[in-house]
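Data first, discussion second: the structure below is written as structure tokens.
Read-outs throughout are calculated quantities, based only on the coordinates presented, and are distinct from any laboratory measurement. Quick caveat, the model's predicted, so the values are computed rather than measured. Counting neighbours? That spans all protein chains shown, and the Cβs are built from the backbone with ideal geometry, glycine included.
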Amino acid sequence: MPSQKTKPNTHVAKTVALAIALPNLAFAASTESVQHLPSIQSNANTETSFYAKESSSSKRIQPLLNTAKTTQVLTEQTLKEQNLLSLQDALATTPGISFSAGEAGGTLGDRINLRGYDAKNNITTDGIRDTAIITRTDLFNYDAVEVNKGSNSVENGAGQVSGGVNLVTKMPKNKNEHLVSVGLGTDDYTRFTGDFNQIIQDDIAVRLNVMAHRNTYPGRSEDLKRWGIAPAITFGMGENTQFTLAYMYQKDSNDPLYGVPYFNGRGVNGLSPSTYYGFKNLDQIHIKNSNGLFKVDSQLSDNIQLHSVTRLSNISQSGITSSPRGIFCSLEGLTPVAKTNANQTGYTSCNQRGRYIPDAQRFGFVNNITAKQFANDTNLRLTFQNEHIKNTLVTGIGFSQEDYTRLLGGLLFNSNGTRITLPSTDLYNPNNYWGGATNFRASEYASGSMNSYYGYIFNNTEFGQHWLLDLGIRFDRTESQYTSQSYSATTQQITATSPASQNANLFSYSVGLTYKPIEAVSIYTSYANSQKPTMDAANNPCIATAVGNTCNTKPESAMNYELGIKWEINPNLLFTMAGFRTESNKVRIQGADNSNTVLDGKNYINGVEAGLFGQITPQWDITTTFAWMEGKYKQTTVGNVPDYQKGNHVMLVPTYSGRIWTTYSFNDQWQAGYGLTYQGKMYTSTQTAQNNRFPQIQSEDYFTHDASITYKFNNNLNVQLIGRNLADKTHYTNLRAGTSQHNSSGFALPGAGRQTVLNINYNF
């Protein structure tokens with residue numbers, strides 16, 4: 001398969017490279033000595049309350065106050081006080097994010113939509129790409145979740161159209177500190193975590209995090225179980241050179257969260273959101289997440305610092321699932337369908353009243369995946385200054401090797417390979433037990449690989465006390481391959497498909513200018529691009545067929561413009577506000593000749609986001625964010641093909657969304673907290689020929705309320721009672737929308753119902 005190369009914009013490349021190089025050439029001739037640092041200068045999160053002053057990224061040069069882009073950091077305290085356990089729990093408190101359902105409606109993996117664009121492959125751990133499509137169910141071994149918003153390929157590589165999410169691993173600290181927490185609650189909630197940090201020699205520290213957890217999904221019946229362990233050791237603690245070895249293992253045994261039927265932006269009238277439509281004795285998902293990390297930080301001289309992270313991971317997820325597909329025939333003899341101009345009610349007649357006639361194809365569905373990765377990122381930080389200018393340059397290289405396999409099949413087959421016909425069941429109280437035959441039949445096996453090699457330069461120049469200029473460039477080379485084969489259900493005979501391969505050269509850049517009228521205020525503007533090849537991860541193949549070929553298509557590209565202000569109201573309180581526009585002007589769509597896809601698609605997202613993080617007073621803490629967004633499709637077809645979606649709103653973009661969490665300490669013993677989440681309406685369909693250009697469907701908006709009460713017995717012991725979704729509001733989170741068959745119809749996972757948890761925390 002011929003490789004495709006993206007020709008960099010040489011004029012832009014030369015201009016940015018020259019701008020980065022000039023300050024350093026000048027400083028080489030005349031520099032003053034830089035103050036000697038006695039130990040490693042870490043970019044780990046330094047937070048007061050809910051305000052993280054720095055990013056953990058070694059590529060970030062300035063504190064967040066002086067960084068020309070929007071970054072929201074969910075600190076360890078933010079996660080603990082709100083009892084945010086999973087990655088989705090955490091991201092649900094961030095505006096501008098929505099969640100989609102996986103294949104056939106299931107939530108297989110973290111399906112994140114960030115500012116209107118798919119971000120499932122935009123997750124990093126300690127700055128290293130982490131593209132395994134698994135559900136990250138627990139944050140027990142992470143200090144923070146960093147949400148970087150706006151095009152960010154320059155920092156994290158392929159994709160990153162609208163930003164990405166970085167998980168910050170817990171590392172040993174230079175102090176003795178131990179914390180044990182036990183949680184008990186409704187829905188069979190039981191949880192134990194331990195975080196033990198110990199200095200074993202003057203320059204050696206170890207840290208051990210452990211977790212065991214079980215609960216039933218609030219408001220439903222799915223059982224969720226997991227445990228994990230994460231040891232780490234640091235040599236050279238407090239010295240100029242530090243080496244850290246860390247390892248994490250987590251195992252999950254869960255019932256699949258496949259939710260309920262969801263049509264036309266709503267749950268189906270008369271059906272309880274707690275109903276389970278699968279087979280509990282068959283359905284299961286098992287996850288094994290094993291990863292190791294080797295980190296080096298070294299102060300090589302007064303103005304040169306080395307940072308290197310190597311990550312090795314081996315992840316597997318095996319699932320047997322049953323999704324709610326079929327005919328849902330109500331007692332009135334009506335079954336829901338997608339609305340069209342020909343059927344504006346969203347219902348059609350059916351014969352078996354009060355019965356659910358399941359689609360056997362997606363019952364007992366087997367989906368087993370493995371994802372392995374070996375990656376390294378190494379950079380040098382160089383600082384130069386004279387009496388007028390201070391310049392800091394970060395330059396680095398890295399590589400990532402990703403390997404992926406996937407086996408699909410089913411269990412509900414007769415011994416001769418014919419599919420079992422499932423009987424109908426009570427629509428309102430369906431049978432959840434399968435007592436018939438089970439015979440595994442494979443349907444598809446696929447394997448993919450992606451090797452990435454990259455280099456980057458980031459430069460920050462401070463001109464006096466008022467101006468800062470940030471420049472960044474990055475070049476990625478990706479080499480990807482994907483093969484698959486299908487199986488006959490009856491004979492299991494193998495039919496191989498054409499192997500797919502794609503190579504791409506990606507050039508990314510960013511520019512930011514910050515003006516500081518006073519030390520506590522930053523007014524900034526920034527511009528950045530993104531590059532996204534069809535195969536942006538080992539699990540995401542291109543299509544090598546003659547019709548609809550995507551392997552021969554160059555990478556998609558997008559630009560992000562941002563104008564904002566950050567104000568440190570007091571040393572512990574930060575206000576941020578920014579307006580942004582993300583333009584995707586080269587999006588893959590079907591070509592006029594029905595062969596290769598072409599980059600003629602266009603869409604955009606406009607928005608405003610504001611936040612307040614930290615301490616208003618020593619007793620009053622707050623973290624609150626709010627966003628408004630609007631997106632439109634500008635072009636989705638070429639040639640003479642009617643463009644029904646032109647002017648439509650981009651799907652799964654909440655028009656308004658926000659979250660507030662605030663706590664107040666009445667005295668040394670008592671603290672109360674309150675939280676409010678709002679998720680606005682989202683479009684779940686587009687206009688198509690199939691639905692006769694029926695107007696776009698919107699989902700329902702919703703509010704949820706949370707609260708907590710904490711009592712502190714002494715400096716070592718406290719208890720916290722926290723309630724989530726206090727009003728027990730029925731709402732839907734992971735939406736399966738815009739499918740090719742139904743467009744506005746699919747499946748959705750109901751959001752967690754009311755839950756109460758008592759946490760007992762003891763530190764020593």
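At-a-glance table
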read-out	value
Sequence-separation-based contact order of the chain, relative, with Cα cut under 8 Å and 6+ spacing, percent	14
Contour excess over end-to-end distance, with Cα ends at Asn594 and Asn431 and 0.36 nm allotted per residue	54.1 nm
Charge sum, other residues only, whose C-beta stays under 10 Å from Asn585's C-beta, Lys/Arg counted +1 and Asp/Glu -1	0
Net charge of Cβ neighbours under 13 Å - reference Arg693; Lys, Arg +1; Asp, Glu -1	+1
When the convex hull of its Cα atoms is projected in every direction, mean area for the chain (nm²)	32.4
Nonlocal amide H pairs with Val337, under 5 Å, H built at 1.01 Å	Tyr347, Thr348
Packing-based exposure ordering (other Cβ within 10 Å, fewest first) of Ile722, Ile229	Ile229, Ile722
Farthest positive-ward along the chain dipole, Cα basis, beta-carbon charges - from Thr67, Phe263, Ser530	Phe263
In the stretch 664-705, chymotrypsin sites (Phe, Trp or Tyr not before Pro) in a DSSP loop with at most 16 other beta-carbon atoms within 10 Å	Phe666
Net length gained if the chain between Thr190 and Ser486 were fully extended (0.36 nm per residue, minus Cα distance)	102.3 nm
FRET efficiency, 1/(1 + (r/R0)^6) with R0 30 Å, evaluated for His466 and Asn570 via beta carbons	0.90
Gyration tensor (alpha-carbon) shape descriptor, the stretch 441-538, a/c threshold 1.5	prolate
Rounded tilt (10° steps) of 10-29 against the dominant C-alpha axis of the chain	30
Distance between the stretch 407-469 and the stretch 130-144 - C-alpha centres, whole angstrom	16
The stretch 93-246, relative contact order in percent, only Cα pairs under 8 angstrom and at least six apart counted	15
Listed pairs Lys372/Lys586; Lys566/Lys712; Lys69/Lys729; Lys80/Lys295; Lys149/Lys225; Lys554/Lys602 exceeding 24 Å between Cα atoms	Lys372/Lys586; Lys566/Lys712; Lys69/Lys729; Lys80/Lys295; Lys149/Lys225
Net dipole in debye of the stretch 554-687 [+1 Lys, Arg Cβ; -1 Asp, Glu Cβ; about Cα centre; nearest 20]	420
Charge dipole (the chain, unit charges on Cβ, about Cα centre) - positive-most of Phe626, Thr655, Asn303	Thr655
Relative exposure of Phe279, Phe196, judged by other C-beta atoms within 10 Å (fewest first)	Phe196, Phe279
Cut-off 20 Å, label 7 Å out along Cα→Cβ of His178, residues of the stretch 119-156 by amide N	141
Which of Cys551, Cys329 has the fewest Cβ neighbours within 10 Å, and the rest in rising order	Cys329, Cys551
Virtual paramagnetic centre 7 Å along Cα→Cβ of Lys225, amide N under 19 Å, in the stretch 249-289	249-258, 279-289
The stretch 262-324 and the stretch 487-548: distance between their alpha carbon centers, rounded to Å	19
Sites Glu700 and Tyr249, calculated FRET efficiency, Cβ-Cβ separation with R0 25 Å, nearest 0.05	0.05
Segment Ile397-Leu331, length gained on full extension (0.36 nm per residue, minus Cα span)	17.4 nm
Net +/- balance of residues flanking Asn432 in space, Cβ distance below 13 Å, scoring K and R +1, D and E -1	-3
Check: the chain dipole with +1 on Lys, Arg Cβ and -1 on Asp, Glu Cβ, in debye	1720
Residue-averaged 222 nm ellipticity for the chain, from DSSP H runs of 4+ at -39500 (n - 2.57), nearest 500	-1500 deg cm²/dmol
Euclidean distance of C-alpha centroids, the stretch 209-253 and the stretch 655-679, integer Å	27
